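See below for the structure under consideration.
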Amino acid sequence: MSTELTRNFSIIAHIDHGKTTLSDRLMEVTSTVTMRETSAQQLDSMDLEREKGITIKSHPVAMQYKAKDGKTYKLNLLDTPGHVDFSYEVSRALAACEGAILMVDAAQGVEAQTVANLHLAEQQNLKIIPVLNKIDLPAADVPKCKRQLEDILCIPEDDCIPASAKAGIGIEEILEAIIARVPAPVENPDKILRATVFDSLYNTYRGVVSYVRIFSGTIKRGQRVKLFATSKTYEIKEVGIFTPKMTACDILSAGDVGYVIANMKSASEVKIGDTMTDSTHPCSEPLPGYKEIQPMVFSGIYPVDSSDYEQLKTAMGKLQINDPAFTFSQESSTALGFGFRCGFLGLLHMEIIQERLRREFDMDVISTYPSVIYHVDLTDGTEVIVDNPTLFPEAQVIQEIREPIVNVYIMVPGEYIGDMMQLVLEKRGEVTNTETIDDMRVMLSCVLPLSEILVDFNDKLKSQTKGYGSMDYEHAGYRAAKMVKMDMLIAGDPVEAFSTIVHRDKAEGYGRRLAERLKEVIPSHLFVVAIQAAVGGKIVARESISAMRKNVTAKCYGGDISRKRKLLEKQKEGKKKMKMFGKVNIPQDAFIKVLKSS
Ligand code: GTP
């Protein structure tokens with residue numbers, strides 16, 4: 001079948017520049033769905049996205065568009081996530097396309113993420129269609145945006161399409177530009193099945209649904225296919241397209257974007273980025289361009305109620321199929337019991353997983369302080385990779401420690417440049433370049449340790465620039481750093497849930513803050529409880545909780561026995577949720593409070 005009338009494209013943009021609104025509008029104009037259906041569908045698919053105002057998962061959608069040339073084209077739109085944590089998903093969606101709409105909010109101009117996303121699209125050799133959105137806003141400045149695109153991104157001014165996704169301006173032009181500028185897919189002449197799995201979803205009733213882009217050949221029900229990564233073969237049960245809801249069809253051919261359901265029994269069988277081929281006539285090589293992305297941030301996730309362990313494990317397995325970048329393995333901790341060591345792309349990703357565990361699986365979980373991966377060279381010449389502070393080698397056997405670093409692009413109004421330099425310095429980074437974007441803004445290129453941008457860098461950037469600053473980053477390898485393991489000792493006993501890997505120069509300050517917070521949440525005992533932060537046996541910070549007996553019945557004067565009993569019962573309840581550390585009782589919610597705020 002000819003691919004002449006097919007166009008596969010994606011929309012890339014900075015967060016909030018209007019991708020979702022434009023996707024909705026394109027669907028509406030092509031009569032794919034009515035406006036009302038659109039919002040209902042999106043609401044169903046992911047509440048969390050709505051709430052956080054971001055797109056987390058890519059939603060492919062097939063549209064039919066009758067162009068001005070009289071022909072009806074099949075347009076496959078792959079929406080992409082908008083947050084830095086998900087640049088992996090962006091790259092997967094882009095690899096399944098021939099073109100991309102680069103959306104820029106005409107009232108905001110080019111942002112750091114616009115630059116980073118464009119780089120991703122260019123790496124995939126995509127045809128770029130620049131769209132200046134929100135021209136209905138009084139603050140929109142189309143000529144200025146055009147100049148920015150030309151100056152910063154080398155995009156000719158004449159290529160830009162002014163539009164308003166909200167008001168429905170320029171939509172026709174965008175559709176015509178997709179037809180005219182985005183190349184039709186080109187099929188490999190051998191016509192052997194090559195399909196790439198760019199996403200997947202676990203459906204309770206239907207099992208694993210793989211989202212595929214067919215590069216050559218065809219795929220249909222009953223066919224046996226092979227997946228490269230595992231060499232396993234499957235029988236296809238159903239193929240279909242997204243309209244945007246899953247709609248079965250007879251066959252998917254070269255150039256198509258759709259889904260396949262095979263007899264996959266386990267969520268872990270499908271590997272995102274893998275190539276699907278025909279098992280009797282396989283292609284010799286998998287498709288290029290996909291790489292396996294490793295999680296960059298790690299944290300322990302534990303059930304608050306230890307009897308929920310198995311349920312948590314099942315829930316995580318299900319989340320993983322939707323989200324291959326999320327990894328988990330069993331671990332246990334004296335403080336928190338049995339749980340999982342989890343890997344994430346970044347902090348937002350971590351937050352989303354926790355939130356989904358709560359909402360979709362009704363799980364109550366605690367997570368430990370996030371850490372990154374360290375490469376540690378030992379004195380015996382071996383190298384160990386550490387993603388968990390409790391596994392950090394003893395200081396005397398360490399030769400060198402290397403930590404992950406990132407190239408960060410920060411775009412801020414010129415007046416904040418000093419604040420930003422200060423922030424970067426505080427976070428152990430350096431500014432390598434500054435470039436003036438326009439009369440207002442400056443782009444700083446910096447190198448920073450990943451661990452330093454994990455927790456509050458973006459928040460600080462936003463608050464210090466009154467929301468005008470934006471950032472994006474890319475991984476830039478590893479660099480030697482003087483990291484140390486810091487333990488928290490409570491009444492002399494280390495509590496490993498609070499162990500962290502910190503830079504030597506920051507250990508003291510961090511230890512002090514943690515000790516102060518622990519002091520607030522650990523109740524008084526009959527004796528003085530010492531809280532100490534220790535690095536390699538040396539105490540770097542110390543707090544103590546003075547001795548006191550908590551007499552809950554003191555308030556009950558008179559002989560109201562039933563009231564007294566009630567209070568004692570309550571106290572007993574409270575005790576159940578305590579954990580013993582040596583001779584100290586720590587309420588479980590103290591862990592939660594401290595881990596949440598640290
Ligand atoms: P992420 O998925 O979080 O990256 O956001 P997005 O890029 O999909 O943005 P979205 O479509 O959610 O739009 C963000 C906000 O901008 C919403 O409040 C939209 O209503 C608004 N918006 C989108 N397009 C236009 C437009 O053309 N004009 C105006 N005035 N507002 C728009």
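The values are calculated or read from the model by the stated rules, or taken from the named source; none is laboratory data. Computed from a predicted model, the values in this text were never measured in an experiment. Note: ideal-geometry Cβ built from the backbone for every residue, glycine included; neighbour counts use all protein chains shown. The protein model used for the area step is the full one, side chains on, heavy atoms only, and it has no ligands, DNA or RNA in it. Shrake-Rupley method; radii C 1.70, N 1.55, O 1.52, S 1.80 Å.
A compact table of results
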item	result
Evaluation of residue 336 against (1) under 23 Å from the mean Cα position of the chain (by Cα); (2) farther than 28 Å from residue 449 by Cα (one fails), failing number	(1)
Conditions (1) in a loop (DSSP other than H, G, I, E, B); (2) open to solvent by 60 Å² or more (accessible area, probe 1.4 Å); (3) modelled with pLDDT under 90; (4) farther than 27 Å from residue 94 by Cα; number of the one not met by residue 335	(2)
Matching residues, the stretch 1-25, being within 12 Å of the ligand (Cβ to nearest atom), not β-branched (Val, Ile, Thr) and not in a loop (DSSP other than H, G, I, E, B)	13, 19, 22, 23, 24, 25
Cβ pairs under 6 Å, 6+ apart, first in the stretch 241-260 and free of Cβ contacts under 8 Å to residues at least 40 places away in the same chain, second open to solvent by 10 Å² or more (accessible area, probe 1.4 Å) and part of a strand (DSSP E or B)	247/241; 248/238; 249/241; 251/218; 251/220
Cross-chain or 6+ apart pairs with Cβ under 8 Å, the stretch 3-28 first and of a type in the set (Asp, Glu), then open to solvent by less than 10 Å² (accessible area, probe 1.4 Å) and more than 7 Å from the ligand (Cβ to nearest atom)	16/105; 24/38; 28/38
Yes/no for residue 38 being at pLDDT 70 or above and not aliphatic (A, V, I, L, M)	no
Residue 403 being touching a Pro at 6+ places or on another chain (Cβ under 6 Å), within 25 Å of residue 505 (Cα to Cα) and buried (at least 19 other Cβ atoms within 10 Å of the Cβ)	yes
Failed item in (1) more than 28 Å from residue 316 (Cα to Cα); (2) aliphatic (A, V, I, L, M); (3) open to solvent by less than 30 Å² (accessible area, probe 1.4 Å), with residue 248 passing the rest	(3)
In the stretch 218-233, the residues that are assigned to a strand (DSSP E or B), among the β-branched types (Val, Ile, Thr) and open to solvent by 40 Å² or more (accessible area, probe 1.4 Å)	218, 233
Search result, residues across the stretch 234-254 that are part of a strand (DSSP E or B), under 16 Å from residue 62 (Cβ atoms) and of a type in the set (Ser, Thr, Tyr)	247, 253
Odd one out for residue 164 among (1) at pLDDT 95 or above; (2) touching a helix residue (DSSP H, G or I) at 6+ places or on another chain (Cβ under 7 Å); (3) within 15 Å of the ligand (Cβ to nearest atom)	(2)
Verdict on residue 215 being aromatic (Phe, Trp, Tyr), under 29 Å from the mean Cα position of the chain (by Cα), open to solvent by less than 20 Å² (accessible area, probe 1.4 Å) and closer than 30 Å to residue 271 by Cβ	no
Enumerated helices (runs of 4 or more DSSP H) restricted to the stretch 83-191, each holding at least 1 residues that are open to solvent by less than 10 Å² (accessible area, probe 1.4 Å) and of a type in the set (D, E, K, R)	87-95
Residue check, residue 375 modelled with pLDDT of 90 or more and either farther than 24 Å from residue 305 by Cβ or part of a helix (DSSP H, G or I) (or both)	yes
Close pairs from the stretch 193-213: first under 12 Å from residue 277 (Cα atoms), partner open to solvent by 30 Å² or more (accessible area, probe 1.4 Å), Cβ under 7 Å, at least 6 apart	193/218; 194/188; 194/215; 194/287; 195/215; 196/215; 196/287; 196/290
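For (1) among the polar types (S, T, N, Q); (2) under 19 Å from residue 171 (Cβ atoms); (3) within 15 Å of the ligand (Cβ to nearest atom); (4) touching a His at 6+ places or on another chain (Cβ under 8 Å), each residue gets a yes or a no:
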{"site": "111", "(1), (2), (3), (4)": "no, no, yes, yes"}
{"site": "114", "(1), (2), (3), (4)": "yes, no, yes, yes"}
{"site": "119", "(1), (2), (3), (4)": "no, no, no, no"}
{"site": "122", "(1), (2), (3), (4)": "no, no, no, no"}
{"site": "129", "(1), (2), (3), (4)": "no, yes, no, no"}
{"site": "137", "(1), (2), (3), (4)": "no, yes, yes, no"}
{"site": "141", "(1), (2), (3), (4)": "no, no, yes, no"}
{"site": "149", "(1), (2), (3), (4)": "no, no, no, no"}
